[in-house]
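Input: a single structure, listed below in structure tokens.
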Amino acid sequence: MATITTKLSLTGSGLTSNQLSLNLNDLLTVTTPHLGLSKISAPHNSATVIIASSISAATYVYLRNTDTTNYIALKNDAGNGWGKLHPGESIMFAVYPSVGFEIQAAVASCVVEYGYWTKA
């Protein structure tokens, strides 16, 4: 087994009545199968499956949209949209077992950095 350390830090002023200062750390235990970091070119005319719905384990996914103008649509493996990754943004989340995950570029193909790890 292996571990991934995640860190989230949110700070800012003028966003709430108080100064925003939130720091969270978590240690995720993962096991195989996994894919370290990789890059793909996500097309805009069809979806690219990252995690198939046949995967019956919870899976952590990391994505970063390296494009400077186009967004990436985030969908389950049935094609139902649930999110959007804007240019330059990144995200890490867990995919529910047997639901799957796919991405599709909005206007033109986008290079996406990604990785996934099976939750232990």
Listed by first then second residue, the pairs whose first member lies in region 8-37 and is within 19 Å of residue 91 (Cβ to Cβ) and loosely packed, with under 10 Cβ neighbours inside 10 Å, whose partner is of a type in the set (Lys, Arg) and at pLDDT 90 or above, with beta carbons under 7 Å and at least 6 positions apart or on separate chains, are 25/7
Flagged in region 69-84 as out of contact with any Gly (no Cβ under 8 Å at 6 or more places or on another chain) and either over 26 Å from residue 54 (Cβ atoms) or touching a residue at least 24 places away in the same chain (Cβ under 8 Å) (or both), in numbering order, are 69, 70, 71, 72, 79
Scanning region 12-32 residue by residue, those out of contact with any Ser or Thr (no Cβ under 7 Å at 6 or more places or on another chain) and outside any strand (DSSP E or B) turn out to be 13, 14, 15, 16, 17, 18
With the first residue restricted to region 52-68 and required to be touching a residue at least 40 places away in the same chain (Cβ under 8 Å), and the second required to be outside any strand (DSSP E or B) and surrounded by 19 or more Cβ atoms within 10 Å (Cβ to Cβ), Cβ contacts under 6 Å at 6 or more apart or on different chains are 52/100; 53/77; 53/100
Picking from 99, 112, 49, the residue that is in contact (Cβ under 8 Å) with a residue 40 or more places away in the chain and under 11 Å from the mean Cα position of the chain (by Cα) would be 112
Of the residues in region 33-88, those that are within 14 Å of residue 101 (Cα to Cα), in contact with a Leu (Cβ under 9 Å, 6 or more places away or on another chain) and in a loop (DSSP other than H, G, I, E, B) come to none
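The values are calculated or read from the model by the stated rules, or taken from the named source; none is laboratory data. None of these values were measured; they are calculated from a predicted model. Ideal geometry is used to build each Cβ from the backbone, glycine not excepted, and the neighbour counts take in all protein chains shown.
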